[in-house]
Amino acid sequence: MPFSASRGLAAALILASTALPSLPAAAHAIVLFSTPARGDVLAGGSAPVLLRFNSRIDRGRSRLSLIAPDGTSVTLPLDASANPDSLVTRLAGLEPGRYRLHWQVLGVDGRIARGDIPFVVTP
C-alpha cells in the first residue's frame, strides 16, 4: 500500500506541474556584439564604439566608461539616438596602450549587468 500511495502522490505532482503556466525566464542583459571586440588591436587613437545587447536596456540608468592604461576612468557620453538594445559612442585621442571599456546596464528584467571589454591601441 505505501508504494501505490507514493505513486499516486508522484502522479498528482506531475499533473499539477504541467497545469501551471510557464513563465518566461528572466535573464541578464548580455553583450551579443561589440566594437571594439574583446582583445581587438586598434591602430590609431579613435574608433566607434558599439555594444549590442540581447534585449532592450535602460540607457538612462546605464553607463559606459573608458579605463586608461594608467587606471584612470572617464565616463563616456552615450548616443541618445542609438537602438534601444545598444550603447553607442566614439573614442578619440587615445594614446597607445591597454584600455578597457567598462559597461553597466539596467536590463528590462530590472537587473544590473556589467562587464569589461579589454582592447589595445597601437600607434
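The values are calculated or read from the model by the stated rules, or taken from the named source; none is laboratory data. Since this is a predicted model, take the numbers as computed values, not measurements. Quick reminder, even Gly has a Cβ in these numbers, built from the backbone with ideal geometry, and neighbours come from all protein chains shown.
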- Query: Can you name every residue in region 35-63 that is outside any strand (DSSP E or B) and under 17 Å from R111 (Cα atoms)?
  - Reply: N54, S55, R56, D58, R59, G60, R61, S62
- Query: Going through region 93-116 one residue at a time, which ones are of a type in the set (G, A, S) and under 26 Å from R56 (Cα atoms)?
  - Reply: G107, G110, A113, G115
- Item | Top-ranked residue in region 59-94 [being among the charged types (D, E, K, R) and at pLDDT 95 or above; ranked as surrounded by the most Cβ atoms within 10 Å (Cβ to Cβ)] | D85
- Give just the number: which of (1) within 20 Å of G110 (Cβ to Cβ); (2) part of a strand (DSSP E or B) does L66 not satisfy? (1)
- Consider R111 carefully, then state whether it is crowded, with 17+ Cβ neighbours inside 10 Å and among the basic types (K, R). no
- How many of the residues making up region 52-63 are in contact (Cβ under 8 Å) with a residue 40 or more places away in the chain and either among the aromatic types (F, W, Y) or touching a Phe, Trp or Tyr at 6+ places or on another chain (Cβ under 6 Å) (or both)? 1
- Item | Answer from L42, L106 - the residue that is farther than 13 Å from A29 by Cβ and touching a residue at least 40 places away in the same chain (Cβ under 8 Å) | L42
- Query: So which pairs qualify, if the first residue must be in region 23-39 and at pLDDT below 65, the second must be in a loop (DSSP other than H, G, I, E, B), the Cβ gap must be under 6 Å, and the two must be at least 6 apart or on different chains?
  - Reply: A26/D109
